[in-house]
Amino acid sequence: MSVSYVAVGWNRQKKIYDAFIAAGCLLYLGIFISLNLVFNAQITAETLIIRATSTLAVLLLHIILSIGPLSRINKMFLPLLYNRRHLGVTMFCIAAIHGIFGILQFHSLGNVNPLVSLFTSNTHYTSWADFPFQALGFFALIIFFLMAITSHDFWLHNLSPKVWKTLHMFVYVAYFLIILHVMLGVIQYETNPAFIILLTIGSTTLITLHLVAGIKEVKADNIKYNLEKNGFVKVCGVDDIQEEKAKMFCIDEERIAVYKTQGKLFAVNNVCKHQNGPIGEGKIVDGCITCPWHGYQYLPNNGCSPPPFKEKLNTYDVMIEGSTVWVNPEPYPEGTERPGAVILYPPKSSLKGGLEKALV
Ligand code: HEM
Ligand code: FES
């Protein structure tokens, strides 16, 4: 959340996350190399490095691309999302080792510059069977490089969230390039169909996860709220919202999170200023609404991040009538103070009538 550069702030959670990444990568490399040494003893050290790192990078890429939809489908996966960029940077470093060894092995022995040779040693750009597939890997690697060097929030703020998000959506272009790189490479180098089978399973899983997560969101967005009164829309019962948590509603295309805290209900825009995370899936921590994705915080009464941070969300009016919650989807400008709707306990259905109506 800081515009001035702050090196990665290591906390216990980040250290555990990174220890898991390191242990997982070492375990994979250990198993891959051992199996190859046993079953493919004549393999050279360079080829072993090229293959161990390429397959690990592709595995990590699938894990990275699964985490987003998985966290939308089930909150259990949220801890994986928190430091996903660490996985991304790790994947880039491992893919870079593969790329560098690929260039050294196949392009550094002639008298042409290896980077030039990468594009000119094979010029069958119009043939599927002989396509210079390494060039595709190179372009994917450039995209991963740009993503890795801009992964810190410093760049998110300086490039603007929109530009940053657009750049990071290029991961799907890179993924497509990698699929082609591997498929076309396998046709030329390998007879073993295992790569193609595994990649097909991987991409089918990714597409399915994205579809399931997308359908879930579209369903939530399309719930109709008909009961309207003075611009307010009936959304749920007071008891439906847990203490220090929220419920989310999409009304007239406005995504709204209604939080229950300090004996009141407050409504803020549900889209986090960091990377569009679902604010309403978070909870109140230290009196602040805390985004579940990477922990950005906002005050419930005005949607502003606590100083020195400057992010601001739109706020909305909430009303409680009996035990029913009403929300006005007309947004106030970002950072506008709203007093919230006071909950008169016990809020159960015993409070019928409107006596305790509290708009505010
Ligand atoms: C400068 C960039 C790259 C170059 C020069 C390059 C080169 C190569 C070469 C020569 C092969 C065939 C190796 C063999 O089977 O002996 C290969 C295969 C492969 N590459 Fe790349 N590659 C690059 C980038 C990437 C990236 C970014 C990824 C994934 C993130 C990747 C993933 C793979 C995979 C999965 C295979 C098939 C397994 C293998 O044979 O190693 N490559 N690449
Ligand atoms: S999306 Fe990153 S903190 Fe909200």
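The values are calculated or read from the model by the stated rules, or taken from the named source; none is laboratory data. Computed from a prediction, not measured in an experiment: that's the story for all the values here. So basically every Cβ, Gly included, is an ideal-geometry build from the backbone, and we count neighbours across all protein chains shown.
The table for this structure:
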{"item": "Every residue from the stretch 33-52 that is in contact with a Leu (Cβ under 9 Å, 6 or more places away or on another chain) and either within 16 Å of ligand 2 (Cβ to nearest atom) or not in a helix (DSSP H, G or I) (or both)", "result": "ASN40, ILE43"}
{"item": "Count of residues meeting criterion [surrounded by 19 or more Cβ atoms within 10 Å (Cβ to Cβ), small (Gly, Ala, Ser) and in contact (Cβ under 8 Å) with a residue 60 or more places away in the chain] in the stretch 239-267", "result": "1"}
{"item": "Residues located in the stretch 107-129, provided they are closer than 19 Å to LEU180 by Cα and touching a Leu at 6+ places or on another chain (Cβ under 9 Å)", "result": "TRP128, ALA129"}
{"item": "Odd one out for ILE178, checked against (1) more than 14 Å from LEU61 (Cα to Cα); (2) within 11 Å of ligand 1 (Cβ to nearest atom); (3) in contact (Cβ under 8 Å) with a residue 60 or more places away in the chain", "result": "(1)"}
{"item": "Selected residue [out of contact with any Leu (no Cβ under 8 Å at 6 or more places or on another chain), assigned to a loop (DSSP other than H, G, I, E, B) and at pLDDT 85 or above] from GLY353, GLY295", "result": "GLY295"}
{"item": "Residue identified as in contact with a helix residue (DSSP H, G or I) (Cβ under 6 Å, 6 or more places away or on another chain) and either surrounded by fewer than 21 Cβ atoms within 10 Å (Cβ to Cβ) or among the β-branched types (Val, Ile, Thr) (or both) among PRO339, PRO292, PRO306", "result": "PRO292"}
{"item": "Cβ pairs under 6 Å, 6+ apart, first in the stretch 274-290 and polar (S, T, N, Q), second at pLDDT 90 or above", "result": "THR290/GLY282; THR290/GLN297"}
{"item": "Some residue of the stretch 192-209 being part of a loop (DSSP other than H, G, I, E, B) and under 23 Å from the mean Cα position of the chain (by Cα)", "result": "no"}
{"item": "ALA213 being on the phi < 0 side of the Ramachandran plot and in contact with a Lys or Arg (Cβ under 6 Å, 6 or more places away or on another chain)", "result": "yes"}
{"item": "Tally, over the stretch 185-202, of residues that are surrounded by 13 or more Cβ atoms within 10 Å (Cβ to Cβ) and at pLDDT 90 or above", "result": "4"}
{"item": "Counted residues, the stretch 65-78 - those being part of a helix (DSSP H, G or I), out of contact with any Phe, Trp or Tyr (no Cβ under 7 Å at 6 or more places or on another chain) and without any contact (Cβ under 8 Å) to a residue 60 or more places away in the chain", "result": "2"}
{"item": "Restricting the stretch 129-166 to residues that are polar (S, T, N, Q) and surrounded by 15 or more Cβ atoms within 10 Å (Cβ to Cβ), the residue that is nearest to ligand 1 (Cβ to nearest atom)", "result": "GLN134"}
{"item": "Candidates ILE256, ILE279, filtered to the one that is out of contact with any Pro (no Cβ under 7 Å at 6 or more places or on another chain) and farther than 15 Å from GLU337 by Cβ", "result": "ILE279"}
{"item": "Filter result (within 16 Å of ligand 2 (Cβ to nearest atom), basic (Lys, Arg) and assigned to a strand (DSSP E or B)) within the stretch 234-278", "result": "ARG255"}
{"item": "Verdict on LEU136 being more than 16 Å from ligand 2 (Cβ to nearest atom), touching a helix residue (DSSP H, G or I) at 6+ places or on another chain (Cβ under 7 Å), closer than 19 Å to LEU61 by Cβ and not polar (S, T, N, Q)", "result": "yes"}
{"item": "Residue among LEU104, LEU87, LEU177 that is part of a helix (DSSP H, G or I), hydrophobic (A, V, I, L, M, F, W, C), under 23 Å from LEU48 (Cα atoms) and out of contact with any Phe, Trp or Tyr (no Cβ under 9 Å at 6 or more places or on another chain)", "result": "LEU104"}
